[in-house]
Every structure is written in structure tokens, then in C-alpha cells.
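Data block below; observations after.
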Amino acid sequence: MPPKKRKGKAKKPKSSKTERVAGDEVAQSYRRSLLEVAVLKDRLALKTDVAQQAISARDDLQYQIRDLKQTLSQEKLGMKDITTDLNRQYKTLQTNLEAKVEYLETRVSELQQQLDQCQGDLKTEREQREQTEEEKDAQITDLQIKLDNMETEYEKILHGCLDSLLSHLAEARRNWEDGVYSRP
């Protein structure tokens, strides 16, 4: 602050050189003090400005931190919901898969039993067919033998009949020839 001015005219005392030098030093000291006060006021204003900016930045950062905390909290809830849903879906899929595996194992067991039964039935049918074929082959062989025997017998009978017929014919011819040549 500048020094206070006096009102009215005061008498200037006559000063000596030492007083003048001392007055100059006081004036210079006063000016330096004024400059220092002005510099300190500028520094204070600057520091006040910096402090206000820091407070404003702090408030902004606190607001951002609060918003980020809220966002993080919401994200955590969202993640928890997603995790819960994924766990539920996983358990559902696992249960469904286990049920399907159990069903398929049961089905495989049933089909294996059916296959075993069908293979047993097929084996039985083959054995029966082979036995039937053997019996038919045996019958055919037996009938072939009988047929061959009958053929031989009929051949003998036919030869016998033909021989008898030929001998009758020969006798009838002789008789006829005797009768034809004997008639005059």
C-alpha cells in the first residue's frame, strides 16, 4: 500500500545531507517494500488461482471417481448377472447332456440286446436251414437211390416183358408161318 499522504502543507524542515540520505534510503526501502508487497500480492493471487484450479480439478476428479465407482458397481452387477446366467445355462446344458448321454447309453444297451437276440435268432435260423437242407439232401439221395432201384426193377420188368412179348411174337409168327405154308 502506498503511504498515506498528509493533508495540508507541512513545513519542510531543513534537513541535512545525512537526513536526506537516510530519507532516500527509507524511500528506497519503502519502494522496495511496495514492490515486494506487489510481488507477494501477485504470487498470492497466482497461488490462489492455482489453489482454486487444484480445488476445481480435485472436485472434477472426485466427481469422475464417483461416476467411475458407480459405473464399476453397475458393471460388477452386470457381470454378476451375466455370470449367474452363464452358470445357469451351463448347468442346464450339463443336465441336458447328462440326460442325453444316459438316454443314449440306455438306447445302446437296448439295441445291443436286440442285436444279440437277432444274431442268436439268425444263428438258430441258419442251423435250422442247414439241418433242413441236410434232411432234404438226405431225402433226395434216398429218393434218388429208390428211383435208381425202381428204374433198374422197371428195366428188368420191361426187358422181361419185352423178352416174353418177343418170344410170344416169335411163336405166333412161327404159328402163322406154319399155318400159311401148311395150307395148300
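The values are calculated or read from the model by the stated rules, or taken from the named source; none is laboratory data. These numbers come from a predicted model, not from an experiment. Note that each Cβ is placed from the backbone with ideal geometry, even for glycine, and that neighbours are counted across all protein chains shown. Note: areas computed on protein heavy atoms with side chains; ligands, DNA, RNA excluded. Shrake-Rupley method; radii C 1.70, N 1.55, O 1.52, S 1.80 Å.
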Point to revise | the chain, accessible surface, carbon-and-sulfur percent (1.4 angstrom probe) | key: 57
Point to revise | Exposure of D81 as accessible area (Å², to 10), given a probe of 1.4 Å and all protein chains | key: 100
Point to revise | Additional length obtainable on full extension of the chain from D148 to K91, 0.36 nm per residue less Cα span | key: 12.3 nm
Check your understanding: Could you give the distance between the Cα centres of region 116-184 and region 31-57, to the whole Å?
Key -> 148
**Study point:** Helical contribution to [θ] at 222 nm, DSSP H n ≥ 4, -39,500 (n - 2.57), averaged over the chain, rounded to 500
**Key:** -35000 deg cm²/dmol
Practice item. Working from Cα positions, state the angle (0 to 90°, nearest 10) between the long axis of helix 17-182 and the longest principal axis of the chain. Key: 0
Check your understanding: Once label points are set 7 Å from the Cα along Cα→Cβ at both S167 and Q139, what is their separation, rounded to one decimal in nm?
Key -> 4.2
**Study point:** Computed accessible area, C118, all protein chains, 1.4 angstrom probe, square angstrom
**Key:** 80
Exercise for review: Scan the chain and hand back the longest stretch that contains none of the trypsin sites (Lys or Arg not before Pro) lying in DSSP loops with at most 16 other Cβ atoms within 10 Å.
Suggested key: 15-184
Revision key, fill the gap. Expressed in nanometres to one decimal, the distance between label points 7 Å along Cα→Cβ at Q128 and Q74 is 7.9
